[in-house]
Amino acid sequence: MAWLFIVILLILLWVVSLCKILHASRSPSKVAFISNGEAVFHKRNILLVMAHPDDESMFFSPTVIYLASRLHSIHILCMSIGNADGKGSIRKEELYQACAVLKVPVQQVKILDHPELQDGFDKMWSRNLLARIIEQEISSHGIDLIITFDNYGVSGHRNHCDVHQGIWFRKLFVAFSSYTYVNTLRKISP
Ligand SMILES: [Zn+2]
């Protein structure tokens, strides 16, 4: 009977955790307030998580431009330098240049070159590793909102899908998280 009790307890814990996370994702940010002269809205501390340099321009530039125009603080975490064709160092610099145009401060852009997170359709990225890296970024910068790929990785690239899964991996197993997860603008409109 003890095992049955443990199973029920685990299910209850999981349900409570899920409810907590879903409730948090619907709650407004309590971080700060900014007045733009006409309306008062919540300032978000946002983390854009992507797989390769150029993802920001190909998939997220309208989102980033809009968020920057609303004075939200945007951090970018790029999980690789995009070295599939041996042009990683060039692509890395291009990302910094793109961020200057998108008005994301360079000190808020982190580009990783981890041996287990290399660019490629045939490279499987550990969700556990991704979750740990993302967790560290959230803690370091007080992130309360994450933007990333949908479950198809937008374009279907395997690395994009792994990033999505890494975030969900973290979301499902951290019970009392205070950040929210979205991949659309609907939940961040003032
Ligand atoms: Zn990509």
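The values are calculated or read from the model by the stated rules, or taken from the named source; none is laboratory data. None of the values given here were measured: they were computed from a predicted structure. Don't worry about glycine lacking a Cβ; one is built from the backbone with ideal geometry, like all the others, and counts go over all protein chains shown.
Given the criterion of a type in the set (A, V, I, L, M), at pLDDT below 95 and surrounded by 12 or more Cβ atoms within 10 Å (Cβ to Cβ), identify the matching residue among Leu95, Leu67. Going through Leu95, Leu67 in turn, just one is of a type in the set (A, V, I, L, M), at pLDDT below 95 and surrounded by 12 or more Cβ atoms within 10 Å (Cβ to Cβ): Leu67.
Evaluated against (1) outside any loop (DSSP other than H, G, I, E, B); (2) at pLDDT 95 or above; (3) among the hydrophobic types (A, V, I, L, M, F, W, C), Ile34 falls short on exactly one condition, (2).
The selection criterion, being within 13 Å of the ligand (Cβ to nearest atom) and surrounded by 14 or more Cβ atoms within 10 Å (Cβ to Cβ), holds for Phe149. Exactly one residue out of Leu95, Leu71, Leu47, Leu129 is within 16 Å of the ligand (Cβ to nearest atom) and either under 25 Å from Gln165 (Cβ atoms) or not in a helix (DSSP H, G or I) (or both), and it is Leu95.
Determine whether Pro28 is modelled with pLDDT of 70 or more and away from the ligand (no atom under 16 Å from the Cβ). Judged against the criteria, Pro28 is not a match. Just the residues that are hydrophobic (A, V, I, L, M, F, W, C) and more than 14 Å from the chain's Cα centre (by Cα), please, taken from the range 68-84. Across the range 68-84, the qualifying residues are Ala68, Leu71, Ile81, Ala84. For the residues Arg170, Arg186, the requirement of being surrounded by fewer than 16 Cβ atoms within 10 Å (Cβ to Cβ), modelled with pLDDT under 90 and not β-branched (Val, Ile, Thr) singles out Arg186.
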